[in-house]
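Input: a single structure, listed below in structure tokens.
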Amino acid sequence: MSRYTIPNAPGAPDKRVTTVGWDAPLNTYWATAFDPPASIDGEDVEVFWIGYTPCALPDVESLATALREHGVEIPPFTLDALLGDKPREGESFAGRPATKLIAEMTRTRVPADQQARIDAALRDGGR
């Protein structure tokens, strides 16, 4: 799995951390943003977490579009790195032990186009 820290949305708190990457076992690009805890005993506060289900964001363009909804732009050098991650790391969703179980558990919770990508990954062996 790749992971890159990128600039936050304009006006975001200075301590917010926004990250993106490619998750080969889930066959998806992903992004998260977390704010630091309000107290020393607290937990980080999730601002957003996208691409956490199988085949959710199949390409860099879909990741960039989803991030724009949060006011975040991916820098060009990170885009280039992300474009190389998927071919380098591969798509290993279909080869995982719990793949079919995960696919069935998410079936009613994901859009039809995403489910079609999951089914294709299972049918085609993740490639």
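For n ≥ 4 DSSP H runs only, could you compute -39500 (n - 2.57) per run for the chain, divide by its residues and tell me the 222 nm figure to the nearest 500? Could you put the intermediate results ahead of the total?
On the way: 4 runs with 44 residues, N = 127.
Only helices count here, giving -10500 deg cm²/dmol.
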Run the quick spin-label model on Thr5 and Ala98: label points 7 Å from Cα toward the beta carbon, then report their separation in nm to one decimal.
2.9
The chain, Gaussian network, Cα under 10 Å: of Asp85, Asp23, Asp113, the residue fluctuating most is Asp113
Between the Cα axis of helix 76-89 and the main Cα principal axis of the chain, the angle (0 to 90°, nearest 10) is 30
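For the chain, what is the Kirkwood hydrodynamic radius in Å, using each pair of distinct C-alpha atoms?
Working: mean 1/r = 0.0649 Å⁻¹.
Kirkwood hydrodynamic radius for the chain: 15.4 Å.
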Out of Leu83, Leu57, Leu101, a Gaussian network model of the chain with alpha-carbon springs under 10 Å gives the largest mean-square fluctuation to Leu101
Say the dipole of the chain comes from +1 at the beta carbon of Lys and Arg and -1 at that of Asp and Glu; which of Leu83, Gly11, Ala120 then lies farthest toward its positive end?
Ala120
Before anything else, pin down the relative contact order of the chain: Cα pairs under 8 Å, at least 6 apart, normalised by residue count, whole percent.
24
Euclidean distance between Cα centres, the range 84-109 to the range 30-53, Å:
23
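Do any GluC sites (Glu not before Pro) in the range 16-76 lie in a loop, going by DSSP, with at most 11 other beta-carbon atoms within 10 Å of their beta carbon, and if so which? If you can, show how the numbers build up before the last one.
Numbers: sites: Glu43, Glu46, Glu61, Glu69, Glu73; in loops: Glu43, Glu69, Glu73.
Within the range 16-76, the qualifying GluC sites (Glu not before Pro) (loop, at most 11 other Cβ atoms within 10 Å) are Glu43, Glu69.
Rule-based calculations on the coordinates, nothing more; no lab input. None of the values given here were measured: they were computed from a predicted structure. Here the Cβ is made from the backbone with ideal geometry for all residues, glycine too, and neighbour counts use every protein chain on show.
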